[in-house]
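Encoded as structure tokens, the structure appears first; notes follow it.
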Amino acid sequence: MRRASPATILILGGTSEGYALAEALAEQPSLRVVTSLAGRTPKPRRPAGELRSGGFGGADGLAAYLAGERVAAVIDATHPFAATMGGHAAQACAQLDVPLLRLERPAWSPEPGERWEQVSDWYGAVFALRMLGARRVLLALGRQELSPFAMLDDVWFLVRCVSRPDPLPAFAHAQLLLDRGPFELDGERALLARHGIDCIVCKNSGGTASAAKLQAARERGIPVVMRERPPRPALPTASDVAAALQWLREALGARAGSGNAD
């Protein structure tokens, strides 16, 4: 009996969930697993299976890739704030009738005693810092979205990034801290105390890798300016890898989760 070629699964990755899903799927001989990374992080962790790096050229470019590689299903496991890629995936998959799942960890919600100022963009965050009278701020939001805060020349910023911003905006008062999570609670407590932080600005990324700063802020009684997640297309959504695997089994039938020939 002729053995069927593996079904190609495209993971739009970059999150820990995307890496875990690739690892689970790459063990299945009935599947070919390709993870696409945006290519913005120097020396990213390599996922299980095949790696593709760089953009597709918009929704049309992604559709051409899906058709050319005969992709059987797409899992959008990009960061909650990678809304542009999510929109392109929805358009391309709808155009070709390719099954698409959004794999996204739940958002954080404020706990009792936490002081959150929720904003929809970074200029709203700048306004919130002015209203709060913040003077020593931890910016924990990545290296590509720092520019709006450089206008606050009476605020000192601790800018925490995985890699160096190029260029670093012209802050009047700032210190750059290159560090990568997960971050432990004791370390976050010590960081806030050592630098006298009186406010944190961050994204609602969810998950556990960077959640400790929220508890540390609550313990110190300092506010958090939290950027809300951008809207996403209405899609089937899984909150963890197990649910994504179940969706894929249903979408592909026996080929996912089984090493048997057709």
Just name one of Val225, Leu178, Ala238: the one whose Cα is farthest towards the positive end of the charge dipole of the range 110-262 (beta-carbon charges, Lys/Arg +1, Asp/Glu -1).
-> Leu178
Report Rg (one decimal) and Dmax (nearest whole number) for the range 147-262, counting Cα atoms only, units Å.
-> 20.3, 67
In the full protein assembly as shown, how much of Met151 is accessible to a 1.4 Å probe, in Å² to the nearest 10?
-> 90 Å²
Largest-first ranking of Glu69, Glu250 by accessible area, probe 1.4 Å, whole protein assembly kept, is Glu250, Glu69
If ligands, DNA and RNA are left out, what is the accessible area of Ser239 with a 1.4 Å probe, given in Å² to the nearest 10?
-> 70 Å²
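So, with +1 on the Cβ of K and R and -1 on the Cβ of D and E, and no other charges, what is the size of the charge dipole of the chain about its Cα centre, to the nearest 20 debye?
Using Cβ point charges on Lys, Arg, Asp and Glu, the chain gives about 420 debye.
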Specify the angular offset, from 0 to 90 degrees and rounded to the nearest 10, of the alpha carbon long axis of helix 185-195 from the longest principal axis of the alpha carbons in the chain.
-> 40 degrees
Just how much of Thr208 is accessible, in Å², when a 1.4 Å probe is used and the result is rounded to the nearest 10?
-> 130 Å²
Only one of the values (i) 25, 24, 19; (ii) 31, 26, 22; (iii) 39, 18, 16 was calculated from this structure for semi-axes √(5λ) of the Cα gyration tensor in Å; name its label.
-> (iii)
Which one of Ala89, Leu139, Leu100 has its Cα pushed farthest toward the positive end of the charge dipole of the range 88-160, where Lys and Arg give +1 and Asp and Glu give -1 at the Cβ?
-> Leu139
Quote the relative contact order of the chain in percent (integer), defining contacts as alpha-carbon pairs under 8 Å separated by 6+ residues.
-> 23 percent
Compute the accessible area per residue over the chain, keeping the other protein chains in place, probe 1.4 Å, unit Å².
-> 50 Å²
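Name the longest site-free stretch of the chain, where the excluded sites are trypsin sites (Lys or Arg not before Pro) in a DSSP loop with no more than 14 other beta-carbon atoms within 10 Å.
Excluding the exposed sites themselves, the longest stretch runs over 181-262.
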Based on DSSP H runs of at least 4 residues, each adding -39500 (n - 2.57), what is the mean residue ellipticity at 222 nm of the chain after dividing by all its residues, to the nearest 500 deg cm²/dmol?
-> -9000 deg cm²/dmol
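The values are calculated or read from the model by the stated rules, or taken from the named source; none is laboratory data. In this text the structure is predicted, and so the values were computed from the model without any measurement. All Cβ positions, even for glycine, are placed from backbone atoms using ideal geometry, and neighbour counts span all protein chains on display. For the accessible areas, the whole protein counts, side chains as well, though only heavy atoms, and no ligand, DNA or RNA atoms are used. Shrake-Rupley method; radii C 1.70, N 1.55, O 1.52, S 1.80 Å.
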